[in-house]
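One structure is given below, encoded as structure tokens.
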Amino acid sequence: MNTQHSEPEMLDALIIGAGFSGLYQLYCLQEKLGLKVKVLEAGDGVGGTWYWNSYPGARCDSESHVYCYTFSKELTEEWNWSERYPGPAEIVSYLNHVTDRFDLRKSIEFDTRVAAARFNEQDNYWDIEIDAGQHYRARYLITAVGCLSSANVPEIDGLNDFAGEWYHTGQWPKEGVQFEGKRVGQIGTGSTGIQAAPVIAQTAQHLTVFQRTANYSIPARNHILNAKDRHSHKLNAATTRELTRNNSNGHGWLISKRKALKTSADERASIYEKAWQTGGLKFRASFSDLLISEEANATAAAFIKRKIHQLVDDPETASTLADIDHPYAAKRPPIDTHYFETYNRDNVTLVDLRKTPISKITKDGMLCHGMDNTGQHIETHHELDILVFATGYDAITGTLLRMDIRGRNDLTLSDAWSAGPRNHLGLQVAGFPNLFMVTGPGSPSVLTNMPAAIEQHVEWISDCIAYMVEQNHTTIESPEPSVESWVNEANAEADKTLLPKVKHSWYLGANIPGKPRMFMPYTGGLDKYRAICQKAADNNYQGFDIS
Ligand code: NA7
């Protein structure tokens, strides 16, 4: 920790990140509780995830009328979304509006990346150091760093030799990328790749998509919102708010109580067809047993695979796209705009990396080799001018662990989490007093509509800090037995579902070499989670040590 600088300013709370979480946390602590607060943000503007993710086709998969704050009726009333699903530019513009409307900008330091934070046990505050060496001091440290903010660029031999341009979708250049006349290679067919490919294909001379794992996708059916849509969203805003706060997923819809296995094949097909036509994530809410029974899930999987075969003209390409090895929605379920149809274009090629894995990146492309169906050795060189990595993130914990965060006894967060991220209620790690994580591991986070989960977390943390201030307490921390009990409870919830069974999933950390495998999001549902957190608060923060 650098100590050569003048005495740092003492804050009540320091928040890392100026996305949905950080801005609302700032509003609650500064504007409502009157505390002295600062937000440190690595970007030069607000927006968090959406500041960085402006890749072609990027679009939120929550619907715009629920992908927003609900704490201010006036804000809901005055803001008008333009499409069913908002894109990054509109989300960033919404967050700028919120920042100015609630006068938050004065408390945000942009272009400021936190390098380290250390808990001072003598005086019970956090000492926070930024890249430039300057430091801050705060009673409470709150990470609002997002779940998908550390880009994962896989180590592939030869990347340094590539003479063309390459980009990761999560660090997309603000000025955009010109694909006209270029041969583009895209690695990855997760939610991002599925959004990007149709848009890149529209202008690229040629697009080659390198698919390692085939994926399900449901049409998003995005559309422009008209005055009637907006009027209806505003009229129903209070009801929608109640719904998103009190259901398991934070979206504006409930999961059906019907079971796929108790529904006749004909009725099931018509329910799936209707959900397919409606589009969006709600498809997964068609039946209550889809994520708990492999047999039930297989009915949805078969429906989607049939659709892929109908949409894709070339039977071999369709088979490669539909050869999916995991249950539907057990990995993050993408939604798309003409993804499968994109493979009907003459300028798009799909490469099946299971048959011909990447051997290396060359000066002018990608070399893949493997065996064909007859056991013949195949080697193919794909010539490329631009390489797009749609290869995901070191999700949920990556950004937290890139900072050198140290709690009591100089314990680093990476040591505390050497066997995977363990905490109490997804909020606090044992040995790290006064550190709160917004939508960290062990909380519902990425399994929900994020702003709903964020509002719950931020409000809980704010109430907790208000309680600490009122009661004149200086530290709150989660003892190891509370952590142990929450980890067991979260694991037991996850084991009721098919989700932890997918071995190659970023929910488990399995996409990052060497990352400990532990199912990270809480699967018990936002409603249940909210009740558990509230009960602890109502009982004077039972399960936490306060002094
Ligand atoms: P994901 O869902 O992690 O998808 C990453 C994709 O990249 C996936 O298809 C991976 O294949 C592929 N990948 C990753 N590394 C490699 C290598 N080394 N070689 C080939 N293919 C690779 O990230 P997204 O950005 O799409 O989505 C993340 C979230 O952002 C999403 O859930 C939304 O909430 C928004 P794999 O499946 O690992 O075989």
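When the test is whether a residue is within 16 Å of the ligand (Cβ to nearest atom), farther than 23 Å from THR362 by Cα and modelled with pLDDT under 95, SER217 does not pass it.
Here is the figure for region 176-200: residues that are within 18 Å of LYS363 (Cα to Cα) and in contact with a helix residue (DSSP H, G or I) (Cβ under 9 Å, 6 or more places away or on another chain) total 4.
One line per residue, one yes/no per condition, for (1) surrounded by fewer than 14 Cβ atoms within 10 Å (Cβ to Cβ); (2) in contact (Cβ under 8 Å) with a residue 12 or more places away in the chain; (3) more than 16 Å from the ligand (Cβ to nearest atom):
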{"residue": "THR342", "(1), (2), (3)": "no, yes, no"}
{"residue": "PRO357", "(1), (2), (3)": "yes, yes, no"}
{"residue": "ILE361", "(1), (2), (3)": "no, yes, no"}
{"residue": "ASP364", "(1), (2), (3)": "no, yes, yes"}
{"residue": "CYS368", "(1), (2), (3)": "no, yes, no"}
{"residue": "MET371", "(1), (2), (3)": "yes, yes, yes"}
{"residue": "GLU379", "(1), (2), (3)": "yes, yes, yes"}
{"residue": "GLU383", "(1), (2), (3)": "yes, yes, yes"}
{"residue": "VAL388", "(1), (2), (3)": "no, yes, no"}
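Looking at SER270, SER286, SER264, just one residue is at pLDDT 95 or above and within 21 Å of LYS331 (Cα to Cα), and that residue is SER286. Within this structure, GLY176 passes the test of being more than 24 Å from LEU411 (Cα to Cα), touching a Pro at 6+ places or on another chain (Cβ under 9 Å) and outside the structural domain of LEU413 (by TED's automatic domain parsing). Just give me the residues in region 202-236 being small (Gly, Ala, Ser) and surrounded by 16 or more Cβ atoms within 10 Å (Cβ to Cβ), in sequence order. Listed by number, the residues that qualify are ALA204, ALA214, SER217, ALA220. Taking region 307-382 and the strands (runs of 3 or more DSSP E) fully enclosed by it, the elements with 1 or more residues that are closer than 29 Å to ASN297 by Cβ and of a type in the set (Val, Ile, Thr) are at 348-352.
Taking (1) within 16 Å of the ligand (Cβ to nearest atom); (2) buried (at least 20 other Cβ atoms within 10 Å of the Cβ) in turn, ILE142 satisfies each apart from (1).
From the list LYS528, LYS535, LYS515, which one is basic (Lys, Arg), under 30 Å from GLU294 (Cα atoms) and away from the ligand (no atom under 16 Å from the Cβ)? If you could, list the steps in order and put the result at the bottom.
On the way: LYS535 fails: under 30 Å from GLU294 (Cα atoms); LYS515 fails: away from the ligand (no atom under 16 Å from the Cβ).
From the options LYS528, LYS535, LYS515, the qualifying one is LYS528.
Condition first: at pLDDT 95 or above and within 12 Å of the ligand (Cβ to nearest atom). Can you find one or more residues in region 239-252 that meet it? Checked against the condition, which is being at pLDDT 95 or above and within 12 Å of the ligand (Cβ to nearest atom), region 239-252 yields no hits at all. Only one of the numbered conditions (1) without any contact (Cβ under 8 Å) to a residue 60 or more places away in the chain; (2) among the hydroxyl-bearing types (Ser, Thr, Tyr); (3) within 16 Å of the ligand (Cβ to nearest atom) is violated by TYR94, and that is (3). Under the condition of being more than 26 Å from TYR507 (Cβ to Cβ) and either aromatic (Phe, Trp, Tyr) or in a strand (DSSP E or B) (or both), the residues counted in region 172-201 number 5. Evaluate the following for TYR507: is it aromatic (Phe, Trp, Tyr) and within 15 Å of the ligand (Cβ to nearest atom)? Spelling it out, TYR507 is indeed aromatic (Phe, Trp, Tyr) and within 15 Å of the ligand (Cβ to nearest atom).
Taking VAL209 as the residue in question, decide whether it is within 11 Å of the ligand (Cβ to nearest atom) and over 20 Å from the mean Cα position of the chain (by Cα). So VAL209 fits the description; yes. Somewhere in region 152-160, is a residue over 29 Å from ALA510 (Cβ atoms) and away from the ligand (no atom under 12 Å from the Cβ)? No, region 152-160 contains no residue that is over 29 Å from ALA510 (Cβ atoms) and away from the ligand (no atom under 12 Å from the Cβ). Taking every residue in region 411-424 that is surrounded by fewer than 19 Cβ atoms within 10 Å (Cβ to Cβ) and pairing it with any residue that is at pLDDT 95 or above and assigned to a helix (DSSP H, G or I), at least 6 positions away or on another chain, the pairs with Cβ-Cβ distances below 6 Å are SER414/LEU401.
Restricted to region 67-171, the set of strands (runs of 3 or more DSSP E) holding at least 3 residues that are not assigned by TED's automatic domain parsing to the domain that holds ARG212 comprises 114-120, 125-130, 135-143. Selection of region 18-55 for residues being buried (at least 22 other Cβ atoms within 10 Å of the Cβ) and part of a loop (DSSP other than H, G, I, E, B) yields ALA18, GLY19, GLU41, VAL46, GLY47, GLY48, ASN53, TYR55. Check region 192-206 and report whether any residue there is outside the structural domain of GLN30 (by TED's automatic domain parsing), within 16 Å of the ligand (Cβ to nearest atom) and closer than 28 Å to PRO421 by Cα. Taking every residue of region 192-206 in turn, at least one turns out to be outside the structural domain of GLN30 (by TED's automatic domain parsing), within 16 Å of the ligand (Cβ to nearest atom) and closer than 28 Å to PRO421 by Cα. Screening HIS233 against (1) part of a loop (DSSP other than H, G, I, E, B); (2) under 26 Å from the mean Cα position of the chain (by Cα); (3) more than 16 Å from the ligand (Cβ to nearest atom); (4) not aliphatic (A, V, I, L, M) leaves a single unmet condition, (1).
The values are calculated or read from the model by the stated rules, or taken from the named source; none is laboratory data. Worth saying up front: this structure is predicted, and the values here are computed from it rather than measured. All Cβ positions, even for glycine, are placed from backbone atoms using ideal geometry, and neighbour counts span all protein chains on display.
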